[in-house]
Amino acid sequence: MNYITSWCRIRQNVVTANGQTVFEDPASALSGFLVNAYRHLQIDYPKFYKMDRLCQLGFLAAEVLLQGRILKEEYPPEAVAVVLANRHSSLDTDARYQESMNGIPSPALFVYTLPNIVIGEICIRHQLKGENTFFVSEQYDIAFLNDYTGQLLEQGAARAVISGWADVFQEQYEAFLYLAGQKQTPGSVIHNRQNVSALYGIVDAGS
Amino acid sequence: MVFIVSDSVVSPLGFNTPRNFAALLRGQSGVRQHLRAAWSETPFQASMLDDQALAERFLTGSFGDEAWTRFEKLLLLSVADALSQTTVRTDDPDTVFILSTTKGNIALLENGAPSNPGLLLNSPARKVAAFFKSPNTPLVVSHACVSGVAALLLGKRLLENGRYRNAVVMGADEVTRFVWSGFQSFQALSDEPCRPFDSRRKGLNLGEGAAAAVLSLEPQRAGQRAPVRILAGALSNDANHISGPSRSGAELSEAVNRAFAQSGVRAGDIGFISAHGTATPYNDEMEAKAFDLSGLNDVPLNSLKGFFGHTLGAAGLIESVLSAQSLRENTVLSTMGFEALGVSRPVTVCTQPLRQPLEFCLKTASGFGGCNGALVLGKSYT
């Protein structure tokens with residue numbers, strides 16, 4: 001049996017942790033909202049400002065998800081997986097990079113034209129060295145991603161998994177991440193499709 | 001157990017696996033000098049498919065009158081060829097399509113709006129799966145240069161957990177101005193044919209191509225070419241830098257060791273390594289350290305980047321398919337461009353095709369975002 005010990009959702013300029021609102025900024029456009037959330041959460045990680053918006057979104061969601069927990073001390077770093085999906089891959093940054101090609105293209109921008117870089121940023125921040133995969137699907141396919149996350153845990157490919165959705169394109173965006181693992185904590189729920197759907201949906205109904 | 005029951009490679013060297021394999025044995029490379037006035041005044045080295053050869057080949061197939069992009073044509077050619085050699089049916093609910101790519105139809109961004117739905121990576125996957133009458137939603141893996149290895153591992157896992165009985169794993173990427181300019185901005189491109197693991201290596205050559213591997217739980221679905229097993233695989237992250245590899249190679253080594261532990265295969269059982277070997281100074285050095293840490297110093301190793309260039313999201317798949325063919329042919333392929341060892345750990349770079357009995361091989365890949373992947377393939381005696 002595996003358990004979801006925390007979850008985070010960021011959409012419509014609201015950041016929630018385990019269903020509770022931790023930050024709201026209804027007036028800002030996406031870029032401003034992400035920076036305001038970073039400041040509000042009092043994170044000290046200057047590299048945040050170099051990231052593209054997909055990485056900023058995923059980074060913030062992972063910060064809220066872990067809230068000061070040091071995952072690499074709970075599990076061996078190589079036993080923590082990160083499995084994410086989205087709809088637009090890195091298209092938000094691809095479009096920026098395409099425009100920049102008229103001038104002098106920047107390697108600092110080009111590196112973000114891959115969707116898995118957000119996984120890399122989360123792994124660097126939290127020193128996680130386990131399995132990684134980035135999927136692209138039309139919408140958040142809970143059945144598939146939940147089953148795959150469960151399989152990694154059950155087959156021993158990972159002992160904890162950060163799993164979910166992080167998507168950015170122009171002003172459309174959404175992130176939903178959860179942490180599933182072998183350890184049960186107060187308030188944790190069993191990791192299965194129904195519970196993932198419910199956590200994703202409850203936040204949905206409340207927003 | 002999961003088997004590769006048929007496969008195909010589409011590259012400037014040929015439109016199926018045996019033709020590509022034969023070209024590699026002859027020492028033929030797809031890398032040559034190209035000049036694209038709209039990209040740069042300076043010519044560059046890359047392995048690119050000739051548009052006319054591609055168009056002619058495409059006319060020999062029956063792909064309907066849909067408006068296929070060039071990227072989609074590469075996928076269709078490789079999938080159709082692979083499917084022609086297996087009894088796996090794509091209209092079967094037990095068969096799923098998996099696409100491996102980094103940039104998909106990114107060429108559409110050159111002259112169009114970012115809102116063009118063809119730019120979504122799901123678009124080509126859905127079109128190709130629908131063409132082959134798949135009743136299932138295709139899956140897409142986009143995980144930098146590890147994509148192909150990750151897609152094969154995903155296919156293996158989906159078959160093992162009983163979700164499907166067969167998977168068509170397809171991968172492709174094109175050399176576009178977008179990708180070329182990005183690697184150029186990184187100063188990662190060599191102005192000469194690339195030299196993996198060599199002391200004079202100075203960067204990579206880009207390449208384009210496609211590959212397909214049909215996976216099945218049923219080895220009897222293979223045609224004339226013997227099925228090859230996917231024994232195990234693992235992925236890892238360096239957690240070090242988004243655009244530079246690990247300094248120690250420990251994380252790639254960790255993925256290799258996990259794949260070994262799962263498969264029950266030991267370093268001494270491995271007949272050869274198909275390395276990532278991009279010919280950038282840092283990648284090849286990191287890989288040599290990883291192989292050293294995993295005790296693989298004496299195992300013959302190749303990089304196929306000198307033949308195909310770096311085909312990004314297709315690379316892991318193209319190289320896995322050719323590794324499977326190496327097992328069938330009991331022949332380790334050589335490393336085009338290599339002359340003198342230029343990494344800090346002793347590794348055994350294969351300079352000539354090596355005929356010897358082979359049982360197992362190791363395929364590795366690494367990429368931006370600090371990702372690493374390892375697969376163990378083995379002969380099948382069913």
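The values are calculated or read from the model by the stated rules, or taken from the named source; none is laboratory data. Only a predicted model underlies this, so the values are computations on that prediction, with no experimental measurement involved. In this analysis, Cβ positions are derived from the backbone assuming ideal geometry, glycine residues included, and neighbour counts consider all displayed protein chains. Just the protein is used for accessible areas: all its heavy atoms, side chains included, with ligands, DNA and RNA removed. Shrake-Rupley method; radii C 1.70, N 1.55, O 1.52, S 1.80 Å.
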(request) Only helical DSSP H runs with n ≥ 4 go in: add -39500 (n - 2.57) per run for chain B, normalise by residue count and round the 222 nm mean residue ellipticity to 500 deg cm²/dmol. (result) -9000 deg cm²/dmol
(message) Just to be sure I understand: of the beta bridges DSSP finds with both ends in chain B, what percent are antiparallel, rounded to 5?
(response) 70 percent
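Restricting the count to DSSP beta bridges whose residues both fall in the range B:228-379, what percent are antiparallel, rounded to a multiple of 5? Present the calculation step by step, with values, prior to reporting the outcome.
Working: 19 of 27 bridges.
Rounded to the nearest five, the antiparallel share is 70 percent.
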(message) Beyond a 21 Å Cα-Cα separation, which of these cross-linked pairs lie in this structure: B:Lys202/B:Lys305; B:Lys305/B:Lys379; B:Lys127/B:Lys305; A:Lys47/A:Lys129; A:Lys129/A:Lys183?
(response) B:Lys305/B:Lys379; B:Lys127/B:Lys305
(request) Counting only DSSP beta bridges with both residues in the protein assembly as shown, tell me the antiparallel percent, nearest 5. (result) 70 percent
(request) Could you run the numbers on buried accessible area between B and A, total for both chains, 1.4 angstrom probe, in Å² to the nearest 100? (result) 4100 Å²
(message) Are there any residues in the range B:176-213 with a reduction of at least 10 Å² in accessible surface when going from the isolated chain to the assembly of protein chains? Probe 1.4 Å, please list them by number.
(response) B:Arg177, B:Phe178, B:Ser181, B:Gly182, B:Phe183, B:Ser185, B:Phe186
(message) Highest mean first, how do B:223-232, B:22-31 rank when packing is the count of other Cβ atoms within 10 Å averaged over residues?
(response) B:223-232, B:22-31
(message) Explain nothing, just compute: Karplus ³J(HN,Hα) = 6.51 cos²θ - 1.76 cosθ + 1.60, θ = phi - 60°, for every residue of the range B:227-235 in order, whole Hz, x for Gly and Pro.
(response) x, 10, 7, 9, 7, 6, x, 7, 10
(message) For a Förster distance of 56 Å, can you work out the FRET efficiency between the beta-carbons of A:Leu41 and B:Asp65, rounded to the nearest 0.05?
(response) 0.55
(message) Test of understanding: given chain B, find the longest segment containing no GluC sites (Glu not before Pro) that are in a DSSP loop and have at most 15 other Cβ atoms within 10 Å.
(response) B:111-338
(request) Could you pull the accessible area for B:Phe272 with a 1.4 Å probe, rounded to 10 Å²? (result) 0 Å²
(request) Calculate the mean, over all residues of peptide A:154-161, of how many other protein chain Cβ atoms lie within 10 angstrom of the residue's Cβ. (result) 2
(request) Excluding residues on the same chain fewer than 8 positions from B:Lys133, give the lysines whose Cα lies under 29 Å from its Cα. (result) B:Lys73, B:Lys103, B:Lys156
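Students sometimes get this wrong: rank B:Lys363, B:Lys202, A:Lys129, B:Lys133 by accessible area, probe 1.4 Å, all chains present, largest first.
Putting B:Lys363, B:Lys202, A:Lys129, B:Lys133 in descending order of accessible area: B:Lys133, B:Lys202, A:Lys129, B:Lys363.
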(message) Just to be sure I understand the model, the point goes 7 Å from the Cα along the line to the Cβ. What's the resulting A:Gln172 to B:Asp191 distance in nm?
(response) 4.4 nm
(message) Counting only protein heavy atoms and a 1.4 Å probe, tell me what percentage of the range B:57-214's accessible area is made up of carbon and sulfur.
(response) 48 percent
(request) Go ahead and run the numbers for FRET between B:Ser199 and A:Thr21, Cβ-Cβ distance against an R0 of 56 Å, rounding to 0.05. (result) 0.45
(message) Would the range B:228-379 count as rounded, prolate or oblate if I go by the C-alpha gyration tensor, calling it rounded below 1.5 in a/c and otherwise prolate when a/b exceeds b/c, oblate otherwise?
(response) rounded
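Dipole size in debye (nearest 20) for the range B:2-221 around its Cα centre, Lys and Arg Cβ +1, Asp and Glu Cβ -1?
Values: 22 positive and 21 negative charges, 90 e Å.
In total the dipole reaches around 440 debye.
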(request) Determine how large the accessible area of A:Met51 is when every protein chain is in place; take a 1.4 Å probe and give Å² rounded to the nearest 10. (result) 10 Å²
(message) For the pair B:Gln28/B:Tyr381, report the inter-label distance in nm, with labels modelled 7 Å from Cα in the Cβ direction.
(response) 3.5 nm
(request) Calculate, in nm to one decimal, what B:Ala53 and B:Leu35 gain on full extension: separation in residues at 0.36 nm each, minus their alpha carbon distance. (result) 4.7 nm
(request) Apply 1/(1 + (r/R0)^6) to the Cβ-Cβ distance of A:Arg69 and B:Ala261, taking R0 = 35 Å, and write down the FRET efficiency to the nearest 0.05. (result) 0.80
(request) Convert each backbone phi in the range A:15-20 into a coupling constant with the Karplus relation 6.51 cos²θ - 1.76 cosθ + 1.60 (shift: θ = phi - 60°), then list the ³J(HN,Hα) values in order as whole Hz, x for Gly and Pro. (result) 10, 10, 10, 6, x, 9
(request) With a 1.4 Å probe and all protein chains in place, put B:Phe368, A:Phe135 in order of accessible area, largest first. (result) B:Phe368, A:Phe135
(request) Give me the accessible area per residue for the range B:1-150, probe 1.4 Å, as a whole number in Å². (result) 40 Å²
(request) Determine ³J(HN,Hα), in whole Hz, for all residues of the range A:68-78 in sequence, where each value follows from phi through the Karplus function 6.51 cos²θ - 1.76 cosθ + 1.60 and θ = phi - 60°; x replaces Gly and Pro. (result) x, 5, 9, 4, 5, 9, 7, 9, x, x, 7
(message) What aspartates and glutamates does B:Lys289 reach when the alpha-carbon gap must be under 14 Å and sequence neighbours fewer than 8 apart in one chain are set aside?
(response) B:Asp238, B:Glu251, B:Glu254, B:Asp298
